[in-house]
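A short write-up of the structure that comes next.
The values are calculated or read from the model by the stated rules, or taken from the named source; none is laboratory data. Being a predicted model, the structure only gives us computed values, none of them experimental. Every residue, glycine among them, receives a Cβ derived from its backbone with ideal geometry; neighbour counts consider all protein chains shown.
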Amino acid sequence: MTTTPAEKPPQLLGRPTTHVFSSVIARLRQEPGGAPHTLCADCPAAMWVVEGKPRCFCGAMKEVTWTKKSATPITQCDARETAVANFQEAKKQLPEA
């Protein structure tokens with residue numbers, strides 16, 4: 001993703017986020033209130049579902065990591081960094097379009 005000086009990539013918890021892995025998060029970003037402010041919002045290991053209210057299940061930690069009721073955001077996570085690195089490595093293996 002190339003950006004001009006006037007165009008900054010979206011930020012999530014102070015980090016640039018240039019990808020969205022979840023169609024649920026992509027839709028939530030379009031709604032009033034936006035997507036949850038947690039690292040899980042752009043993590044390839046996160047599985048987001050909406051059953052009335054959104055919640056996130058972490059495939060790496062095997063637990064629910066975010067709900068509207070207990071909305072304490074995850075701000076640091078080694079599993080996310082590993083999942084992003086694995087995603088980027090797998091992406092390199094894909095043939096050029």
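Some observations on this one:
- Hits in the stretch 26-62 (condition: assigned to a strand (DSSP E or B) and surrounded by 14 or more Cβ atoms within 10 Å (Cβ to Cβ)): A46, M47, W48, P54, R55, C56, F57, C58
- Unmet criterion (only one of (1) at pLDDT 90 or above; (2) exposed (fewer than 13 other Cβ atoms within 10 Å of the Cβ); (3) within 14 Å of the chain's Cα centre (by Cα)) for W66: (2)
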